[in-house]
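S.K.: The structure follows.
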Amino acid sequence: MRHRLHRFTPALLALLVGLLGIVALIPRPAAEPVAPAADYVIVVGVAGLRWDDVNPDDTPTMWQLAQAGSIGALSVRSARRVTCAGDGWLTLGAGNFAIYTPGAVTPVCPPLSAVIEPDAQGKPGASLPDQADVVARNRNLHWGARPGALAEGVRCTTAIGPGAAIAAARPYGRVDRYSESVEESLLSACALTLVDAGQIEGADAAARAGDARRADAVLASVMAGRPERALVVLAGLSDLDATGRLHVAIAQGPGYTGGWLTSPSTSRPGYVQVVDLAPSALAALDRPIPGKLFAGGAASMTGGRPADLAAAVDDLADADREASIQRRVGSNFFTGLVVAELLIFLAAVPLLHRARRPGGPQSYTPTPAWLRRAAEVLLLAASLAVPAALVADLLPWWRWSSPGLMFGGVTLGVLAVATFVLAYITARSRAIAPLGGVATLAALAVAFDVLTGSRLQLNGVAGYSALVGGRYAGVGVIGLGLLVTGVLLGGAALAQRFERRWRPFVIAVVGAVGMVVIGSPYLGADASGAVALTAGVCIAAAMAVGGWLTITRLLWAFGAALVVTAGFAVLDLFRPEEQRSSVGRLLVRTLDGTAGFIARRIGEANVVTTVTSPLTVLVLGSLLYATFVLLRDWGGLRRLLGVFPPVRGALAGLVVASLLAGLVEGVSLNVLGAALATALPLVVLACLRVLDHADDKSSEWSEA
């Protein structure tokens, strides 16, 4: 009995470490609600309004409003891939991602067309006869948007202008009060007033300035007739073409007297979404917020804004420029990376084939040392490309006239320095030293960014975009892939240095640290990713002592993963609704019978990502390469996995964790692709070294 307890002590300690890791994932407190101090809320919408349109000369009223109020960058994500004016207004009125513009998505939005039937003369209201079609169109989507949800939250709503009518219409098309122009009496007729101040479109600076001046005049008339204790919100509610930008958000009035705007849906100072405006209005008026209908949360004021308004506006305009450029530069970077890595892998085939001396009296010409060394340097560079792209965001490459070229130059510079240093350090090291060391450094780069506020990932090429609206803080898809790679491969390289029975414990300790970094709401804020990493760590720990994943080990790994995952799930259910991961939301929807909406949304997102992402090509190419090259007798992978059992477990865990995270979060193979972009070049390098030392009988190379 004592011997058996001694034998299982490392495994029991490993499970204990995993359970302790859950304690660090206790949800942060819910955001404090906005003080219900306003008697009136007036939302002024200007489609296309960006921060580079706001200045004290052309838009003095907007400038004064920003000076006295709270400001932020507005993400105008809707249920349509290009948010046109009608989509932005309807998303405001639904408090959820909605679609108004019919037809196919085009590079330029069609003009806003809303059929409005005013009441008979002498009556203040109007109706939208097409509202039933709009409601039916959104009912068929998976977001669950209900047009008119904002209007249903108050007794009376005033709409001024066609866009405002779209947002103010009740589900059956009724607009309580409607006017084409601003009248002082209308601003206090209802607790909630929506004003359409026009739109700002095009790239011509003079034309945009003219549109901005007209919108500022409308805002000036609103401010002149503004009743006491009124909260005024100015929002650039939509894009007007397919370029995609961040827009203006200003709130001034009770509860909003300076600082940045933020919301529970972004958890990032200076960023809010259109879906946050409806709950913000209801919270300010002390009305109940229908949480099941609304996708956002009430915006609040936070500190950290520069004292000089011009500096704050410049920061927001700069974030808009970076976000608008990031998608194009990022697509080019990852497409180029995939092509380059696949070519490097193909070039390594003859080197792998000739790396090991054949048995018998056959003639043998070894690969020249310089060629083998050059291959190792190229493989190191390939593995460091994604971390280098992350670090490149330390310099403002997006401010240059040719941002793509500048980004490429900065990335290549960082990559050259990192490759030179690591190639020198690992030149004479053991086979898995580059594999574990480089993967760990890549993960540490992401972890450092997370610990310092994820500034490099936000709108970064190797991060996530505020325009997409999926994430504004914490760890993103690419960062998650790097963290999974670093935790598992780094943990495996470290575990290799311990005796076999303690290897699961070492991997569990490293895995627990990774779980905290990824899943903590104060750090990575990705509970789904932490659950996926848990599964990967359990598999890696089960295989770390040698041998394959037997039924017994699989049951132990499954049981441990189930215990830790259950802990995650319970904590996720106790999180505030806006902090829940996809796992928590799916559990809640399962309990109330509406899980189909979440499952459908995730499934559709996986299909779209699979078809459009260049990382899908890398994953498929890696699968073919491993099958037809690395797993051949001369490929070296079998020997690598046999000599280093923790690496075998780490690679199995990496695939499981990355696939699980990608599928659950709706990003398909992107997490696995990001992981393989760093891991596979290192695996090929390790295979070359293992084959080169195949006849070495030292314990370092002969361990089974």
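S.K.: Please find, among 330, 296, the residue that is closer than 30 Å to residue 412 by Cα, open to solvent by less than 40 Å² (accessible area, probe 1.4 Å), in contact (Cβ under 8 Å) with a residue 24 or more places away in the chain and of a type outside the set (D, E, K, R).
M.R.: 330 is the lone residue from the list that is closer than 30 Å to residue 412 by Cα, open to solvent by less than 40 Å² (accessible area, probe 1.4 Å), in contact (Cβ under 8 Å) with a residue 24 or more places away in the chain and of a type outside the set (D, E, K, R).
S.K.: Of everything in region 427-444 that's in a helix (DSSP H, G or I) and surrounded by 23 or more Cβ atoms within 10 Å (Cβ to Cβ), which residue is farthest from the chain's Cα centre (by Cα)?
M.R.: 434
S.K.: Do any residues in region 147-160 that are in contact (Cβ under 8 Å) with a residue 60 or more places away in the chain and hydroxyl-bearing (Ser, Thr, Tyr) have Cβ atoms under 7 Å from those of residues that are open to solvent by less than 20 Å² (accessible area, probe 1.4 Å) and part of a helix (DSSP H, G or I), where the two are at least six apart or on different chains, and which pairs are they?
M.R.: No pair meets every condition.
S.K.: A further question follows. Consider region 640-679. How many of its residues are among the charged types (D, E, K, R) and either within 17 Å of residue 510 (Cα to Cα) or open to solvent by less than 20 Å² (accessible area, probe 1.4 Å) (or both)?
M.R.: The total comes to 1.
S.K.: Out of everything in region 624-636 that is open to solvent by 20 Å² or more (accessible area, probe 1.4 Å) and assigned to a helix (DSSP H, G or I), what residue ends up being farthest from residue 679 (Cα to Cα)?
M.R.: My answer is 628.
S.K.: Also, quick follow-up: Report, by residue number, each residue of region 41-53 that is open to solvent by 10 Å² or more (accessible area, probe 1.4 Å) and either without any contact (Cβ under 8 Å) to a residue 24 or more places away in the chain or part of a loop (DSSP other than H, G, I, E, B) (or both).
M.R.: Within region 41-53, just 50 meets the criteria.
S.K.: Out of the residues in region 108-127 that are in a loop (DSSP other than H, G, I, E, B) and in contact with a helix residue (DSSP H, G or I) (Cβ under 7 Å, 6 or more places away or on another chain), which is modelled with the lowest pLDDT?
M.R.: Only one residue fits best here, namely 114.
S.K.: Scan region 163-210 for residues that are closer than 18 Å to residue 89 by Cα, among the basic types (Lys, Arg) and outside any loop (DSSP other than H, G, I, E, B) and jot them down.
M.R.: 174, 177
S.K.: Related question: Give the residue that is surrounded by the fewest Cβ atoms within 10 Å (Cβ to Cβ), with candidates limited to residues of region 252-285 that are of a type in the set (S, T, N, Q) and under 20 Å from residue 473 (Cα atoms).
M.R.: Filtering first and then ranking leaves 267.
S.K.: If you don't mind, another one. Look at residue 317 and say whether it is out of contact with any helix residue (DSSP H, G or I) (no Cβ under 7 Å at 6 or more places or on another chain) and either part of a helix (DSSP H, G or I) or of a type outside the set (S, T, N, Q) (or both).
M.R.: Considered against the rule, which asks whether it is out of contact with any helix residue (DSSP H, G or I) (no Cβ under 7 Å at 6 or more places or on another chain) and either part of a helix (DSSP H, G or I) or of a type outside the set (S, T, N, Q) (or both), residue 317 comes out as no.
S.K.: Which pairs turn up if I take residues in region 114-131 that are in contact (Cβ under 8 Å) with a residue 40 or more places away in the chain and look for partners that are assigned to a loop (DSSP other than H, G, I, E, B) and of a type in the set (Asp, Glu) with beta carbon separation below 8 Å, at least 6 apart in sequence or on another chain?
M.R.: These pairs meet every condition: 114/130; 124/176; 125/119; 125/176; 126/119; 127/119.
S.K.: Taking residue 505 as the residue in question, decide whether it is closer than 21 Å to residue 269 by Cα and not in a loop (DSSP other than H, G, I, E, B).
M.R.: Taking the combined requirement at face value, the residue does not satisfy it.
The values are calculated or read from the model by the stated rules, or taken from the named source; none is laboratory data. Because the structure is predicted, anything quoted here is derived from the model rather than measured. Every residue, glycine as well, gets a Cβ built from its backbone with ideal geometry; the counts of neighbours run over all protein chains shown. Ligands, DNA and RNA are excluded from the accessible area calculation, which covers all protein heavy atoms including side chains. Shrake-Rupley method; radii C 1.70, N 1.55, O 1.52, S 1.80 Å.
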